[in-house]
Amino acid sequence: MKLYVKLVNMVLKKHPRAKLYAQYDILKGLTEEDEKKMIADRQSYVKRLLKTKEGFTMEGLFHGFTLKVAHLRPAPTIDIQARDLRQLFADMQWEKEGKEEEKQ
C-alpha cells in the first residue's frame, strides 16, 4: 500500500485536479492515515463478505477472481482468514503477470 500512496501522490503533483473516481472530490494527496483507513476499510469489507458464506468477486490489477467462501482454508478467526485471503489474492495478481510475461 505504501507504493500506492507514493504513486498517487506523484500523479497528483503532475495532475493536481485528479480524482480517484469520477464521483469523488478532487484529491489533494494521500497520507499514512489515509493508507491505514483504506486498509482497515478493505479488511472490514472482506470480513463482512466472509461472514455471509457466499461467493464474491475480487477485482485486481491484472484480473478478477470469484471466490467460493466454502473452499477457503479454515482459520482460527475471521481476521486471520481475511488477512490470508488478502495475501493470497495479492500473490495471485503477481503470479499471473509473471506467467503472461513468460509466454511472450
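Regarding the range 64-73, can at least one residue be identified that is of a type in the set (Lys, Arg) and surrounded by 11 or more Cβ atoms within 10 Å (Cβ to Cβ)? Reasoning before the result, please.
Applying the first criterion (of a type in the set (Lys, Arg)) to the range 64-73 yields 68, 73.
Filter once more, keeping what is surrounded by 11 or more Cβ atoms within 10 Å (Cβ to Cβ): none.
No: zero hits.
If I filter the range 8-38 down to residues being open to solvent by 50 Å² or more (accessible area, probe 1.4 Å) and of a type in the set (A, V, I, L, M), which single residue comes out as nearest to the chain's Cα centre (by Cα)? Walk me through how you get there before you give the answer.
Applying the first criterion (open to solvent by 50 Å² or more (accessible area, probe 1.4 Å)) to the range 8-38 yields 10-11, 13-17, 19-26, 28, 31-34, 36-37.
Narrowing further to those that are of a type in the set (A, V, I, L, M): 10-11, 20, 22, 26.
Working: Met10: 20, Val11: 19, Leu20: 14, Ala22: 19, Ile26: 22 Å.
Of everything passing the filter in the range 8-38, Leu20 is nearest to the chain's Cα centre (by Cα).
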Of (1) open to solvent by less than 50 Å² (accessible area, probe 1.4 Å); (2) aliphatic (A, V, I, L, M); (3) in the same structural domain as Trp94 (by the TED database), Val5 fails just (3)
Residues satisfying the stated conditions in the range 32-81, i.e. outside any helix (DSSP H, G or I) and at pLDDT 85 or above:
Pro76, Thr77
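The values are calculated or read from the model by the stated rules, or taken from the named source; none is laboratory data. These figures come from a predicted structure and were not determined experimentally. Because the Cβ atoms are built from the backbone with ideal geometry, glycine has one as well, and the counts that use them run over all protein chains shown. Ligands, DNA and RNA are excluded from the accessible area calculation, which covers all protein heavy atoms including side chains. Shrake-Rupley method; radii C 1.70, N 1.55, O 1.52, S 1.80 Å.
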